[in-house]
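Visitor: Before I ask anything, let me first share the structure, which is written out below as structure tokens.
The values are calculated or read from the model by the stated rules, or taken from the named source; none is laboratory data. Just so we're clear, the structure is a prediction, and the values are computed from it rather than from any experiment. All Cβ positions, even for glycine, are placed from backbone atoms using ideal geometry, and neighbour counts span all protein chains on display.
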Amino acid sequence: MFQSLPPTAGVGFKSAHFTDLANPGDVTWLEVHAENYMLDGGPRLAMLRDLAARFAISVHGVGLSIGGEAGLDTAHLARLRHLMDWLNPASFSEHLAWSSHDGAYFNDLLPLPYTAATLDTVCAHVDQVQQVLGRRMLLENPSSYLHFASSTLSENDFLAALVDRTRCGLLLDVNNVFVSAANLGTDPRRYIADFPLEAVGEIHLGGHEAQTDQTEAPVLIDTHSAPIADPVWALFGDVIALSGPMPTLIEWDNDVPAFAVLEAEAAQAATLLVGGRAR
Amino acid sequence: MSDFVGFAAALTTPDLPRPTALFDAASRGASNRYDIYRNNIAVSLTDALAANFPVVRDLVGPEFFSAMAREFLRENPPRLPIMAFYGDDLAGWLAAFPPVAGLPYLPGIARLEALRRHATHSADAASLDASQLAEIPPERLATLRLHPHPSARWMIDPQPVLAIWKRHNGQPAATDQACEILLCRPAMTVLQIAAPAGTCATMDALAAGLPLQDALPARADHSAIFAAIFAVSALSQGTNT
């Protein structure tokens, strides 16, 4: 029904907001986490079926462990294929990260070194996912708290090579860019300037929290539990000035507020998207 | 050892040393930053477990639950990325966890919460109606095979698990006795009932494909068992002989 995500604002769907979505305001599409819907039946799937008749849906996976060194879990990939066939969503995305190791699932997005070897592995995994799903996927840039001594490629070069080799698209999380730059001491504007924007199919905006690490150094944590920070809004403005309007998601996964708060963030994104220059 | 093996090894094991060769913004060793991932994992898995076992959490209190969850998740990390099914082995683990030995009903509560979750997320299907069974000629009943609804679940516990669960959810609870519990989700809501002795054995036998004459325990109140089964609509459409 919805072939693609519109270049307008969406929100991460929370079941507490189901009835609010009768009056969605500036929320024009929804994103759901794939793993929350890998179920045989029941109220969650019924709710999603209802929403999919009214909104374009983005399915966002958190459990494939695409950045891991081990082969993808083919049983999990089959569950994903089953969900995608049932829902036929407008988009599928996953993360440049890993979350499983040796049979254990960590429920977090873990970092990988950027090397020729890990690039080969991630390319093979993305190829496999795109082949099994029969569609192009988007891969999201991570939020980082550290980097590996063994890395030989920049994240940008890694992602550009990945796009080149697999023809996948990218999901640009602007908050992750800001968080990583602050934590790794790099320049977020430079990151955006070097990013392969032509491959971007979706943008994420979310909230972070400032803490200090054990050495009393400031560190930003990607919590998705707060309003979007002003410098992230500014960076988003820079992105869409270059890219033109893009499907833009407000992500708020923890301490989820009333729908009106999310809708206000979506309205702010919508205003900036209208101001963004066309490509 | 690869970066991945080194990184994964100490994520849920605080006693193990953190991996080296990780750096922060100033290119200083970033083993302290590694603790952010350790903390994220512990918090997210504890939250997932708390969401799946709200009554267990209420019964022991949120602080005790969090401390207990940290121990559980170290020994039992999820094997699937589907958090709706995390903690299926919590009941068995609690039964062998000495600090909760004074709460003998706790493992049963955990089992009931897990069964309710599985009933919630199992396949949708139409239930067999009592009147449909009544239409079957009596001479065919003995060899009739009935099938549990895909969302039907059942358990026996020596503790008054259902009464405790109900009180915690503000529902009247009559008995404080050991019971058999039968659950099913014929539509969008899970139904559950304290079932008479022999109900679980009957459901086990039906699930194994036995005909009615072999499925009903000899010394049991068959009409009471069927009343419970139909009260929660625990059979599927479709019968065969």
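Visitor: Within region A:141-159, take every residue that is in a helix (DSSP H, G or I) and surrounded by fewer than 18 Cβ atoms within 10 Å (Cβ to Cβ) and give me the one that is farthest from the chain's Cα centre (by Cα). Step through it out loud before you land on a result.
Guide: Restricting attention to region A:141-159, the residues satisfying the condition of being in a helix (DSSP H, G or I) are A:155-159.
Pick out the ones that are also surrounded by fewer than 18 Cβ atoms within 10 Å (Cβ to Cβ) and you get A:156-157.
Values: A:N156: 16, A:D157: 19 Å.
Of everything passing the filter in region A:141-159, A:D157 is farthest from the chain's Cα centre (by Cα).
Visitor: Of (1) buried (at least 22 other Cβ atoms within 10 Å of the Cβ); (2) more than 17 Å from B:A84 (Cβ to Cβ); (3) in contact with a helix residue (DSSP H, G or I) (Cβ under 8 Å, 6 or more places away or on another chain), A:G61 satisfies all except one. Which?
Guide: (2)
Visitor: Considering only residues that are surrounded by 14 or more Cβ atoms within 10 Å (Cβ to Cβ) and free of Cβ contacts under 8 Å to residues at least 12 places away in the same chain, look in region A:223-260 and name the one that is nearest to A:D26 (Cα to Cα).
Guide: A:P257
Visitor: Can you tell me how many residues within region B:135-177 are within 20 Å of B:D214 (Cα to Cα) and more than 20 Å from the chain's Cα centre (by Cα)?
Guide: Qualifying residue count for the region: 12.
Visitor: Out of the residues in region B:21-38 that are over 40 Å from the mean Cα position of the chain (by Cα) and more than 7 Å from chain A (Cβ to nearest Cβ), state the one that is nearest to B:L73 (Cα to Cα).
Guide: B:G29
Visitor: Suppose we filter B:L59, B:L73 for residues that are within 13 Å of chain A (Cβ to nearest Cβ), touching a residue at least 60 places away in the same chain (Cβ under 8 Å), of a type outside the set (K, R) and more than 27 Å from A:L45 (Cα to Cα); which single one remains?
Guide: Exactly one of B:L59, B:L73 is within 13 Å of chain A (Cβ to nearest Cβ), touching a residue at least 60 places away in the same chain (Cβ under 8 Å), of a type outside the set (K, R) and more than 27 Å from A:L45 (Cα to Cα), namely B:L73.
Visitor: Only one of these conditions is not met by A:D127: (1) part of a strand (DSSP E or B); (2) free of Cβ contacts under 8 Å to residues at least 40 places away in the same chain. Which number is it?
Guide: (1)
Visitor: Here is a further query. State which residue is nearest to the other protein chains (Cβ to nearest Cβ) when the search covers only region B:108-144 and only residues that are surrounded by fewer than 17 Cβ atoms within 10 Å (Cβ to Cβ) and of a type in the set (D, E, K, R).
Guide: If we take residues in region B:108-144 being surrounded by fewer than 17 Cβ atoms within 10 Å (Cβ to Cβ) and of a type in the set (D, E, K, R), then B:D129 is nearest to the other protein chains (Cβ to nearest Cβ).
Visitor: Here are some conditions: (1) within 20 Å of A:D40 (Cβ to Cβ); (2) within 16 Å of the chain's Cα centre (by Cα); (3) not polar (S, T, N, Q). B:E180 meets all but one. Which one does it not meet?
Guide: Condition (1) is where B:E180 drops out.
Visitor: Filter region A:205-245 for residues that are in a helix (DSSP H, G or I) and of a type in the set (V, I, T); which is farthest from the other protein chains (Cβ to nearest Cβ)? Give the derivation first.
Guide: Taking region A:205-245 and keeping what is in a helix (DSSP H, G or I), we get A:230-243.
Filter once more, keeping what is of a type in the set (V, I, T): A:232, A:239-240.
Values: A:V232: 18, A:V239: 23, A:I240: 28 Å.
Once the filter is applied, the top-ranked residue is A:I240.
Visitor: Would you check which residues across region A:67-94 are within 12 Å of chain B (Cβ to nearest Cβ) and either at positive phi or touching a strand residue (DSSP E or B) at 6+ places or on another chain (Cβ under 9 Å) (or both) and list them?
Guide: Across region A:67-94, the qualifying residues are A:G67, A:G68, A:E69, A:A70, A:D73, A:H76, A:L80, A:L83, A:E94.
Visitor: Since B:A84 meets every condition but one in (1) assigned by TED's automatic domain parsing to the domain that holds B:A197; (2) more than 25 Å from B:Q213 (Cβ to Cβ); (3) at pLDDT 95 or above, which condition does it not meet?
Guide: Only one criterion in (1) assigned by TED's automatic domain parsing to the domain that holds B:A197; (2) more than 25 Å from B:Q213 (Cβ to Cβ); (3) at pLDDT 95 or above is unmet by B:A84, namely (1).
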